[in-house]
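Only one structure is covered here, and it is reproduced in the block below.
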């Protein structure tokens with residue numbers, strides 16, 4: 001989670017991870033308790049152990065073999081507008097007025113680009129690329 005989010009989004013990512021994991025625990029405890037009341041507790045234990053084992057196997061099979069920090073990917077060209085500062089590497093441009101150093105907003109164009117950098121989900125990278133050169 002920490003590698004997948006920018007500094008400003010990290011607390012929201014951890015909160016979502018916490019909520020999803022605890023929702024899973026709530027569901028699992030209910031199912032195992034219900035199964036334990038219908039059958040023996042040893043059956044419930046074996047069933048929950050079997051589900052945990054299947055989850056481990058699924059994680060091993062589904063997790064990318066090479067989980068790189070820097071990923072090569074492409075962005076299509078597009079116009080958009082949002083508040084931004086010039087310390088963001090995606091918004092390097094010059095102004096004729098004195099607003100250059102302050103956060104401001106205006107419509108601007110991002111030309112198509114293919115580049116490689118530490119990848120996080122943010123306003124410019126809304127999905128994880130599946131392979132090198134994917135559009136984001």
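Just so it is clear, none of the values below were taken in a lab; they were calculated from the coordinates. As the structure is a prediction and not an experimental result, all values here were calculated from the model. Methodologically, a virtual Cβ is constructed for each residue, glycine included, from the backbone with ideal geometry; neighbour enumeration extends over all protein chains shown.
Here the simple spin-label model places points 7 Å from the Cα toward Cβ, and for residue 29 and residue 10 these points are separated by 2.9 nm. Shape summary: the range 25-81 maps onto an equivalent ellipsoid whose semi-axes, from the alpha-carbon gyration tensor, are 43, 17, 7 Å in decreasing order. The label point for residue 109 and the one for residue 75, both projected 7 Å from the Cα toward the Cβ, are 1.5 nm apart. Potential lengthening of the chain between residue 41 and residue 128 amounts to 27.2 nm, from the contour at 0.36 nm per residue minus the alpha-carbon distance.
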